[in-house]
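S.K.: A single structure is presented below for examination.
The values are calculated or read from the model by the stated rules, or taken from the named source; none is laboratory data. Nothing here was measured: the structure is a model prediction, and the numbers come from that model. Note: ideal-geometry Cβ built from the backbone for every residue, glycine included; neighbour counts use all protein chains shown. We work out accessible area using only protein heavy atoms, side chains counted, and drop any ligands, DNA or RNA first. Shrake-Rupley method; radii C 1.70, N 1.55, O 1.52, S 1.80 Å.
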Amino acid sequence: MEYKANVHVITKPGTLKGFASISLDDEFVVRGLSIREGKNGLFVSFPSEKVGREFRDTAYPITAEARTAITQVVLGEYEQKLEQAEEHRNEAEQEQKKEEENKPSSTKSQKSGSRTQKDRDKELLPDGEDETLEEEQGPVMGGM
């Protein structure tokens, strides 16, 4: 039998590390598997429902071989997703470092060269006029 897993990684702290679904021979899908951290490492928990005070699996492998195969496929996909996330993080960090290295440092001469909107407006005023610009006023409300 051929198993394929689809895994969604959970990044929040705790024992729950992800959710998974598994397809069997591209003909049957079981959803609701979870990846958990236990005392002996990661394990796959199969879908279950609460009956009274206990939980009972609703879908599960009958043989130990099938359980082992499913667990290996799910955990393998989980590890692959973690590696992809780590690579993506590393690429983002490298890109950020490159941007910081290529960013020109601001100097005093560059800062003095920058003009504000108020400075540009002053240049447009005819000689002898008041240098303070009044803000445009919007429509008057109230209609008195």
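S.K.: Write out, first by first residue and then by second, each pair whose Cβ atoms fall under 7 Å of each other, whose residues are 6+ apart or on separate chains, and whose first residue, in the range 29-48, is over 11 Å from residue 17 (Cα atoms) while the second is open to solvent by 50 Å² or more (accessible area, probe 1.4 Å) and among the hydroxyl-bearing types (Ser, Thr, Tyr).
M.R.: Every condition considered, the pairs that remain are 46/60; 47/58; 48/58.
S.K.: How many of the residues in the range 12-35 are outside any loop (DSSP other than H, G, I, E, B) and either open to solvent by 80 Å² or more (accessible area, probe 1.4 Å) or among the β-branched types (Val, Ile, Thr) (or both)?
M.R.: 7
S.K.: Related question: Of the conditions (1) within 29 Å of the chain's Cα centre (by Cα); (2) surrounded by 15 or more Cβ atoms within 10 Å (Cβ to Cβ), residue 61 satisfies every one except a single condition; which number is it?
M.R.: Of everything listed in (1) within 29 Å of the chain's Cα centre (by Cα); (2) surrounded by 15 or more Cβ atoms within 10 Å (Cβ to Cβ), residue 61 misses just condition (1).
S.K.: So, one more: What pairs come out if I take residues in the range 59-81 that are touching a residue at least 24 places away in the same chain (Cβ under 8 Å) and pair them with residues that are among the hydroxyl-bearing types (Ser, Thr, Tyr) whose C-beta lies under 7 Å away, six or more apart or interchain?
M.R.: Every condition considered, the pairs that remain are 69/3; 70/3; 73/3.
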